[in-house]
1. Any chance you could count how many residues in segment 120-146 are of a type outside the set (A, V, I, L, M, F, W, C) and in contact with a Leu (Cβ under 9 Å, 6 or more places away or on another chain)?
2. Looking only at segment 71-109, count every residue that is modelled with pLDDT of 90 or more and part of a loop (DSSP other than H, G, I, E, B) and tell me the total.
3. Determine, yes or no, whether Trp103 is within 21 Å of Arg141 (Cβ to Cβ) and buried (at least 18 other Cβ atoms within 10 Å of the Cβ).
4. Within the group Phe96, Phe118, Phe130, which residue is crowded, with 17+ Cβ neighbours inside 10 Å, free of Cβ contacts under 8 Å to residues at least 60 places away in the same chain and touching a strand residue (DSSP E or B) at 6+ places or on another chain (Cβ under 8 Å)?
5. When Lys88 is evaluated against the numbered criteria (1) surrounded by 14 or more Cβ atoms within 10 Å (Cβ to Cβ); (2) under 22 Å from Thr157 (Cα atoms); (3) free of Cβ contacts under 8 Å to residues at least 12 places away in the same chain, which criterion, by number, is the only one it fails?
Amino acid sequence: MAAARAIEGHTEIEGQVSMVWPMPEAEQYEQTENAISEKPFESTGASNDTSSNIYTSMLLSIAWKSLTAQQQRLYLYCKAQYYAEKQKPNGDPLCFTMNQSKWADLYGLYKRNNGASFIRDMTALIEHGFVSCVECGAISRSKSIYRFSSKWQKWGTADFEILPCEMTVAMQRKKRIKKA
């Protein structure tokens with residue numbers, strides 16, 4: 001509140017005329033000792049609200065830029081899901097789950113009868129090195145488990161490779177068919 005008071009209050013700096021600049025209510029932040037505790041332009045402030053930030057280096061990468069807008073949106077929802085899950089699958093701190101009840105019902109990214117679009121977009125995230133598939137739920141009829149990856153940083157270079165163990169079953173089948 002000290003910053004807000006200084007801006008809203010009359011101040012005199014070395015004999016300059018003081019001015020009052022009231023801050024719009026939406027821009028006033030409640031400050032704690034070390035950080036701003038709420039940002040009304042980002043959140044409703046609900047206690048279960050999570051953030052799904054990404055860094056500028058990712059936004060400016062060729063891998064990110066080559067994704068469609070829907071694929072980028074799916075990645076952001078994967079991040080939201082990752083932060084929302086307190087119990088990480090397989091005990092791996094980089095893993096998260098995603099299934100039809102989440103991408104269709106909870107997030108509304110795709111219609112329930114449009115699983116092909118979800119699979120296409122998740123495949124693109126895997127092929128660009130943003131996530132890898134740890135367990136494909138299609139086999140066991142359970143939630144698929146994905147893991148965040150830093151391979152996107154090498155996308156488009158000779159060092160970039162997605163291993164079969166990082167792919168979905170459908171991707172592995174497609175790769176085998178291409179080889180034959």
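The values are calculated or read from the model by the stated rules, or taken from the named source; none is laboratory data. Because the structure is predicted, anything quoted here is derived from the model rather than measured. Every residue, glycine as well, gets a Cβ built from its backbone with ideal geometry; the counts of neighbours run over all protein chains shown.
1. Total satisfying the criteria: 4.
2. Looking only at that region, the number is 3.
3. Criteria met by Trp103.
4. It is Phe96.
5. (2)
This table checks each residue for (1) in a loop (DSSP other than H, G, I, E, B); (2) polar (S, T, N, Q).
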site	(1), (2)
Lys111	yes, no
Thr157	yes, yes
Ile162	yes, no
Met171	no, no
